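Accompanying notes for the structure given below.
Read the figures in this text as sums done on the coordinates, not as results from a lab. Every value quoted in this text rests on a predicted model; they were computed, and no experiment measured them. In this analysis, Cβ positions are derived from the backbone assuming ideal geometry, glycine residues included, and neighbour counts consider all displayed protein chains.
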Amino acid sequence: MALNPVIEKVTERIARRSERLRSDYLERIDRARDAGPARSHISCGNLAHAFAAAGDDKPVLKAMQRPNIGIVSAYNDMLSAHQPFDKFPGLIKLAAQSKGCTAQFAGGVPAMCDGVTQGQPGMELSLFSRDVIAQATAVALSHNTFDAAVMFGVCDKIVPGLIIGALAFGHLPVIMVPAGPMPSGLPNSEKARIRKLHAEGKASREDLLEAESQSYHAPGTCTFYGTANSNQMLMEVMGLHLPGAAFINPNTPLRDALTLAAGERACEITAEGEHYTPIGHTVDEKALVNAMVGLAATGGSTNHAIHLVAMARAAGLIVDWDDLDELSRATPLLARLYPNGQADVNHFHAAGGLALVIRELLSAGLLHPDIRCVHGGDLNAQAQEPGLDGDQLTWRDGARESLDTQIVRPVAEPFSKEGGIRLLKGNLGRAIVKISAVAPEHRRIEAPAKVFDSQDDLLEAFANDDLSGDFVAVIRGQGPGANGMPELHKLTPTLQVLQDRGQRVALLTDGRMSGASGSVLAAIHVVPEAVAGGAIGKIADGEPITIDADRGLISTALDDDTLAGRAAFVVDTERFHFGTGRELFGHARAAAGQAEQGGSILFDTPGERR
């Protein structure tokens, strides 16, 4: 199938826009490849430190004739998604030894959970944790004694952080190794029902906790299709997973077999062999376009409107929201997963899952097949599913048609002709909206603003019965430079209650809404953010706001001179910059780029968008 012309055009535009940065990046990583691992030329004292505790692997490391694999892990045993990683380093070491190679645990990275910090002060560290993870990954690999790396991570900021850090060592092959989703628990519709009842005061805290405990109940990733599971989809369509690795449950023989295979494959794709596959060449403009198409086709997380920009920049590529918008409008929506439907990722996987989605998108010319995947083939191999023949890991063709068309559909019969993410523009700036869960009748609103400086202020107004009539909730001062750009998912049940009562409501914010964005219209990630002088910080209560997702518009009837004459928003530093470690991140708030530049502290981004 010939490549869709929109896919081709956007890919060429990214390559053209990024030519200088990408050329410089590739030159740097190629020099690093030519220099080789430091253990081949560092001093004997340095080298002795590197394998002093290696036990039975010491002779192989000392001989310096076989590849050495670095392991970077986000393991902790508090978070369900990362608890299964406890045994993964041992499996990777066994796999390496089976190939006559070695593997060493290079380092750990922090792994915070937005599910735990949601609505709490700790959430204001969440976005910045991505760049801390990238830096921690760089520290882990900085000993420069590795020929390849395997990385264990699943959740929101963790996979993007690992990728950004790995791309700083772009001459190394890197395989991403997930843990898989927990088994299905309480149905999503029931969980949502109890959350709304609690928001209305009709269900007790004990009722709510019991429902949440039945939803999040075992080792593995949360099963709704938020950022964590969107991450795993991205790794598949970018060729950084072994085929079909994303949604195999933890603590199963197949999960362990895939982990062992990742360790074996890492030994085979180093610069010392015939199948050299450096991550800096795998993550190119084609892989990034595949990621944006996959995001649109599956109704994935809005957080990736930020993360993909930052990941691209780490590879010397410049991606912006025009690219994401254009690709989303050209891509049919093929999946309905919670919060865009009632199914979870286990149901999705059983109905055909990513293998079917990838095959369908390839058949329609909507994905680049010719990317450099870690398994050695092209993207067509990602349309396969893993299985076991006795103890032997095998791959077979995935489902050729949907086993449940309420969950996943072919390109010829999509849920929608276009994907779920759109760009909004107007005199209020630029923003992202996710419409895949928003009914058509709720995609446009013209109503007065109700302005708040935090989501807690809105919830207090709700508790005091101060949210009558139609309105646009403006939550300002929530961008990277103000308070670290927390998710505002705590608002979802309350806004849904108001909408269910018949009020027309929407959200406008320079913060994030999360991968669990729901059925209420939400214009998020507004740039410029309030503390950068953005118009969102100058709106007053009662002033008219228009959000039109179909036309791609966010605007106010106020004229430009009126907006320009108002003072910029000033954040309440005492409220938002101290406590729960926030005082340690003042440098990050000061250095953070705007959301459309990835909200990152790691790159010089001004002027690079065009």
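Numbers for the structure displayed
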read-out: Helix-derived mean residue ellipticity, 222 nm - over the chain, DSSP H n ≥ 4, -39500 (n - 2.57), to 500; value: -11000 deg cm²/dmol
read-out: Free-standing Cys, the chain [no other Cys Cβ under 4.7 Å]; value: C44, C113, C155, C222, C373
read-out: Region 431-527: relative contact order in percent, alpha carbon pairs under 8 Å with at least 6 residues between; value: 36 percent
read-out: Residue order, fewest to most surrounding Cβ atoms within 10 angstrom, among D560, D57, D457; value: D560, D457, D57
read-out: Shape call, region 130-225: gyration tensor on alpha carbons, a/c limit 1.5; value: prolate
read-out: Net +/- balance of residues flanking L423 in space, Cβ distance below 11 Å, scoring K and R +1, D and E -1; value: -2
read-out: Simple label model, 7 Å out from Cα along Cβ direction - D561 to S213, nm; value: 6.3 nm
read-out: Residue order, fewest to most beta carbons within 10 Å, for D24, D548; value: D24, D548
read-out: Reach of K191 by Cα under 12 Å, taken over aspartates and glutamates that are not fewer than 8 positions away in the same chain; value: D207, E210, E212
read-out: DSSP beta bridge pairing in the chain, given as percent antiparallel to the nearest 5; value: 45 percent
read-out: Cross-link reach list, aspartates and glutamates versus K99, counting only Cα pairs under 20 Å and skipping chain neighbours closer than eight places; value: D56, D57, D147, D256, E264, E268, E272, E274, D391
read-out: Neighbour-count ranking [beta-carbon atoms within 10 angstrom, fewest first] of L553, L362; value: L553, L362
read-out: Under 18 Å from K417, Cα to Cα: aspartates and glutamates that are on another chain or at least 8 residues apart; value: D323, D325, E326, E360, E441, D550
read-out: FRET efficiency estimate (nearest 0.05) - Cβ-Cβ, K58 to M78, R0 41 angstrom; value: 0.75
read-out: For the chain: relative contact order, % (alpha-carbon pairs under 8 angstrom, 6 or more apart); value: 15 percent
read-out: Point-charge dipole on Cβ atoms (K/R +1, D/E -1) for the chain, about Cα centre, debye to 20; value: 720 debye
read-out: Dipole axis of the chain (+1 Lys, Arg; -1 Asp, Glu on Cβ), positive-most option in G299, A199, A168; value: A168
read-out: Positive dipole terminus of the chain, leading residue within G273, S363, G107 (C-beta point charges); value: G273
read-out: Links that overshoot a 19 Å alpha carbon limit, given the list K58/K93; K93/K157; K286/K425; K434/K490; K9/K157; value: K93/K157; K286/K425; K9/K157
read-out: Local electrostatic count, M238, Cβ distance below 14 Å [Lys/Arg +1, Asp/Glu -1]; value: -3
read-out: Dipole magnitude (debye, nearest 20) for region 276-327, charges at Cβ of Lys, Arg, Asp, Glu; value: 260 debye
read-out: Most positive-pole-ward Cα, T227, F471, L553, against dipole of the chain from beta carbon charges; value: T227
read-out: Sites K9 and N427, calculated FRET efficiency, Cβ-Cβ separation with R0 22 Å, nearest 0.05; value: 0.20
read-out: Chymotrypsin sites (Phe, Trp or Tyr not before Pro) restricted to region 529-610 and DSSP loop, no more than 10 other C-beta within 10 Å; value: none
read-out: Cut-off 12 Å between beta-carbons: net charge of the residues surrounding W395, Lys and Arg +1, Asp and Glu -1; value: -2
read-out: Region 421-597 - charge dipole about Cα centre, Lys and Arg +1 at Cβ, Asp and Glu -1, debye rounded to 20; value: 580 debye
